[in-house]
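Taking it in order: structure first as structure tokens, then the write-up.
The values are calculated or read from the model by the stated rules, or taken from the named source; none is laboratory data. Being a predicted model, the structure only gives us computed values, none of them experimental. Cβ placement follows ideal geometry from the backbone for every residue including glycine, while neighbour counts extend to all protein chains displayed.
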Amino acid sequence: MSRTMNLVLNVWRQKSASAPGQFVRYDAKNVSDHMSFLEMLDVVNEELSAKGEAPIAFDHDCREGICGACGVVIDGVPHGPNGGTTTCQLHMRSFKDGDEVTIEPWRAGAFPVVRDLVVDRSAFDRIIQAGGYVSLRTGSAPEANSLPIAKVASDSAFDAATCIGCGACVAACPNASAALFTAAKISHLAMLPQGEPERQDRARKMVAQMDAERFGHCTSHGECEAACPKGISIGFIAKMNRELLSAMVTAPNEVAERK
Amino acid sequence: MDLNARAPAGPIENRWSDHRFQSKLVNPANRRKYHVIVVGSGLAGGAAAATFGEQGFNVSCFCYQDSPRRAHSIAAQGGINAAKNYQNDGDSTYRLFYDTVKGGDFRARESNVYRLAELSVNIIDQCVAQGVPFAREYSGLLANRSFGGAQVARTFYARGQTGQQLLLGAYQALERQIDAGTVKMYPRTEMLDLIVIDGRARGIVTRDLVTGKVSAHVADVVVLCSGGYGNVFYLSTNAKGCNTTATWRSHRRGALFANPCYTQIHPTCIPQSGDYQSKLTLMSESLRNDGRVWVPKNVADCSKDPASIPESERDYYLERLYPSFGNLVPRDIASRRAKDMCDEGRGVGPDVAGVRRGVYLDFGDAIKRLGRAVVAERYDNLFQMYERITGENPYDVPMRMYPAIHYTMGGLWVDYDLQSTIPGLFVGGEANFSDHGANRLGASALMQGLADGYFILPVTVSNFLASQKAGAVDTSHPAVKQTVSEVEERINRLLSIKGKRTPDSFHRELGALVWDQCGMARTEAGLKTALQRIPALREEFWSNLSVPGTGEELNQSLERAGRVADFLEFSELMCRDALHREESAGGHFREEYQTDDGEAKRNDDDFSYVAAWEYTGDLSSPKLNREPLTFEYVHPSQRSYK
């Protein structure tokens, strides 16, 4: 059986990157507990639109927890109270009648607000551009089974590769550090033989780009791991640090400079 | 119109290699002079853009998402087929080709399908080398599973996130080219029209979704990899942003639209829970490998706790009706049978508008047989997803499933080179119609997207460019300005109606209409009803739409309005195609055309062709062109999975 509830929302509204923002109160009435959080916002938006008011802008796409597009801070917690969940997979059964809910965008200098709850996460793309790949031309690959990879290594690499690039780690970190995001990609490729030839250069370049984007440093608060919808372990940050140290010891003069 | 597929002749196993050899090359020193536009950054578009960049072309890639990593290919769960025969279970290129032609109910072009099967093995090599963490055996070699109706284990998978891992591989290759300066990426940018000059595709008009700026981009070739049109049904498993605007606008500019009535319903999706529902979530078909599908034998049991219904009172209807394939029958059959059970009143789950629309997918036996740990290893992330959405734990309670629109086999008509009927406009991935006929087999969409993107388009687009002079037009051309002004005028029209209904309310109404009349089962009368109501709904849209705000800002209502406007036009063509095709084939099931035991009944004498529709300027009277299909290798037979 479904139950319904009435909520009060305090939503961050900001018309553009340069405009000042503020919280605005909205009533969300007759919300079914089977609704997803974003469906609840859809209903609020339909009502706003019907009144000719600008609906609340938020990023979302697959609504299956895999594309990484969605993400808002709900009562101070990125992706809301449940843990291990993207905002789109959060359902209203986690709330109760009469709750007052505060909804904000990711807050980080490297993620400027575009509008309302939408932020610019292109810094993540630039970190990948710095070296988050295997330099491989299409068609040059050897036969797939010519390179056996121990299941345990492959599985560990997978644990890092599940990052969806949503940015909750940055939003959760008091320093707005992108260490978990960057470490996940460095670790994914460092644990596989395919990533070996560029391993050191990759670690140097990606970390340099992360710094250049003005993300903060990691001081091991662990908030990122707690907020990560895919449960990516903070252990990968330690791995990233080892990768970087090893790269710098091996070839200290080649620390990459990136814009 | 003369529809020349330009499919090569000769022995089928030599066709692609011969064709590739005969394709012309562009001198490496000249490649940067050619501007290639790629629309879409999913498996087809991302792979193509990265590969064009590696080849040295000057590439611009566009996507509506904030990053190319978010294209909807990312949501594919189950896997990707390849004829590697690693399991030594009798697989081969020919068998994959055979299965795909048969699975498509003999409505695909043999030459294309063979090439797809042939390239499948290269895709796995490519992705493994990129670092895609496919599942492995303890030997360290790649693991496979059997998937969606295949009797061999040829599916490669990466937990339940195969699409994500493959897309990240393509995305990383693309980012590498962006860094190298060969690809310029335009995220949050939507293509709103195609620029055609003297019958040639010469560029696109886009809207920057942040600033609202409308711009023209001219190029030597345009490659659309903009996905399918499943969101015409409003509720589908597609991402919310998926749309048909790029393909539909190109259709209006002269590209023929092929087989729009071939839509695929996926049998295992989480049932709708209420009328606020914004999308449906697919649960990978791989669940059917170990889950058993059933409904109660008695209508009276349908509202009971499933645990209280004894074995003897359960109807494992797929195992009963199809003893040899059982729960692994192809998607169209599994879907239609689920609908039949619910229509009979034997559905389970919440009663929505008087009907329970759900069937059980039960892992009780699998957990007994394999143990909870093995089941968790295979499906845990899917189980977790199901529990988040429904609040029910599949380890304890059977899942509830119902079919939903998932994939669209129809799309822009393309020849063997993946070129549309507009020279210079190529179409890859789900956006084209080419390889799946009337029904796509599981784990074949990722295969097709990557075959098109990594291996086919780079050859055929190069061949096209080799005979073109680079940079023949610039943005000062009057046709470019004309197209831009038409786009701006349309945006202004959407904003100036100032009516009462939101884009979503029209979209929901359209979706419900086409789902009822042009969904899992179609009838002449139903389709005629839809064809009457769609133009009326379109008229109301253009007189009673409400879009708050302006065009010069991030305006998500405006984005939706434009997409819904195109769905309102496209849907009419889809229904018209379904009405004209007086047979049942694959995902197109016409109730009038079925065998005595309720299976799809093809009419090869009259309908063994690709229906390629031409825009005439009047939405209600498109012109039908036919590309006859001939089968030299796989001879049409009645599909039987009994």
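Restricting to the stretch B:77-88, name every residue that is buried (at least 24 other Cβ atoms within 10 Å of the Cβ) and more than 9 Å from chain A (Cβ to nearest Cβ).
Across the stretch B:77-88, the qualifying residues are B:Gly78, B:Gly79, B:Ile80, B:Asn81.
To keep it simple, each residue is scored yes or no on (1) closer than 30 Å to B:Phe57 by Cβ; (2) touching a residue at least 24 places away in the same chain (Cβ under 8 Å); (3) among the β-branched types (Val, Ile, Thr); (4) not assigned by TED's automatic domain parsing to the domain that holds B:Ser485.
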{"site": "B:Gln126", "(1), (2), (3), (4)": "yes, yes, no, yes"}
{"site": "B:Ala135", "(1), (2), (3), (4)": "no, yes, no, yes"}
{"site": "B:Ser139", "(1), (2), (3), (4)": "no, no, no, yes"}
{"site": "B:Leu168", "(1), (2), (3), (4)": "yes, yes, no, yes"}
{"site": "B:Leu174", "(1), (2), (3), (4)": "yes, yes, no, yes"}
{"site": "B:Thr189", "(1), (2), (3), (4)": "yes, yes, yes, yes"}
{"site": "B:Leu192", "(1), (2), (3), (4)": "yes, yes, no, yes"}
{"site": "B:Val196", "(1), (2), (3), (4)": "yes, yes, yes, yes"}
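Please state which one of A:Ile103, A:Ile128 is in the same structural domain as A:His217 (by TED's automatic domain parsing), of a type in the set (A, V, I, L, M) and modelled with pLDDT of 95 or more.
Criteria check complete, one pass: A:Ile128.
Among the residues of the stretch B:116-150, what is the count of those that are more than 7 Å from chain A (Cβ to nearest Cβ) and under 25 Å from B:Glu430 (Cα atoms)?
Qualifying residue count for the region: 18.
Could you identify the single residue in B:Ser278, B:Ser284, B:Ser303 that is at pLDDT below 95 and buried (at least 22 other Cβ atoms within 10 Å of the Cβ)?
On inspection, the qualifying residue turns out to be B:Ser284.
Going residue by residue through the stretch B:104-112, is there one that turns out to be facing chain A (nearest Cβ under 9 Å), of a type in the set (Lys, Arg) and not in a helix (DSSP H, G or I)? Quick ask: steps written out before the conclusion?
So in the stretch B:104-112, the residues facing chain A (nearest Cβ under 9 Å) come out as none.
No, the stretch B:104-112 contains no residue that is facing chain A (nearest Cβ under 9 Å), of a type in the set (Lys, Arg) and not in a helix (DSSP H, G or I).
For B:Asn85, are the conditions met, namely being within 25 Å of B:Arg378 (Cα to Cα) and of a type outside the set (Asp, Glu)?
In short, yes.
Collect the residues in the stretch B:320-339 that are surrounded by fewer than 17 Cβ atoms within 10 Å (Cβ to Cβ) and either of a type in the set (D, E, K, R) or in a helix (DSSP H, G or I) (or both), keeping them in residue-number order.
Those that are surrounded by fewer than 17 Cβ atoms within 10 Å (Cβ to Cβ) and either of a type in the set (D, E, K, R) or in a helix (DSSP H, G or I) (or both): B:Arg320, B:Gly326.
Condition check ((1) of a type outside the set (D, E, K, R); (2) farther than 25 Å from A:Cys88 by Cβ) across all residues:
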| site | (1), (2) |
| --- | --- |
| B:Ile265 | yes, no |
| B:Ile270 | yes, no |
| B:Ala300 | yes, yes |
| B:Ser324 | yes, yes |
| B:Lys339 | no, yes |
| B:Ala353 | yes, yes |
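Give the residue that is nearest to the other protein chains (Cβ to nearest Cβ), with candidates limited to residues of the stretch B:31-73 that are of a type in the set (Phe, Trp, Tyr) and farther than 18 Å from B:Met191 by Cβ. Walk me through it before giving the result.
Just the residues of the stretch B:31-73 that are of a type in the set (Phe, Trp, Tyr), to begin with: B:34, B:52, B:57, B:62, B:64.
Imposing the further condition that a residue be farther than 18 Å from B:Met191 by Cβ reduces the set to B:34, B:57.
Values: B:Tyr34: 18, B:Phe57: 13 Å.
For the stretch B:31-73, the residue satisfying everything is B:Phe57.
Taking the conditions exactly as written (surrounded by 15 or more Cβ atoms within 10 Å (Cβ to Cβ), within 12 Å of chain A (Cβ to nearest Cβ), within 27 Å of the chain's Cα centre (by Cα) and among the hydrophobic types (A, V, I, L, M, F, W, C)), does B:Leu457 satisfy them or not? So that I can check it myself, show each step before the final result.
Working: surrounded by 15 or more Cβ atoms within 10 Å (Cβ to Cβ): yes; within 12 Å of chain A (Cβ to nearest Cβ): yes; within 27 Å of the chain's Cα centre (by Cα): yes; among the hydrophobic types (A, V, I, L, M, F, W, C): yes.
Against the criterion (surrounded by 15 or more Cβ atoms within 10 Å (Cβ to Cβ), within 12 Å of chain A (Cβ to nearest Cβ), within 27 Å of the chain's Cα centre (by Cα) and among the hydrophobic types (A, V, I, L, M, F, W, C)), B:Leu457 qualifies.
Contact list please: Cβ distance under 8 Å, first residue in the stretch B:573-593 and within 21 Å of B:Arg252 (Cβ to Cβ), second residue polar (S, T, N, Q) and surrounded by fewer than 24 Cβ atoms within 10 Å (Cβ to Cβ), pairs at least six apart or on different chains.
Here the result reads B:Cys575/B:Gln517, each pair linking the stretch B:573-593 to a residue that is polar (S, T, N, Q) and surrounded by fewer than 24 Cβ atoms within 10 Å (Cβ to Cβ).
Just to be sure, is B:Leu96 farther than 18 Å from B:Leu457 by Cβ, touching a Ser or Thr at 6+ places or on another chain (Cβ under 8 Å) and at pLDDT 95 or above?
It is true that B:Leu96 is farther than 18 Å from B:Leu457 by Cβ, touching a Ser or Thr at 6+ places or on another chain (Cβ under 8 Å) and at pLDDT 95 or above.
Pairs only if they're at least six apart or on different chains, beta carbon under 9 angstrom, first in the stretch B:217-237 and assigned to a helix (DSSP H, G or I), second of a type in the set (Lys, Arg); list them, first residue then second.
B:Asn231/B:Lys240; B:Asn231/B:Lys279; B:Asn231/B:Arg563
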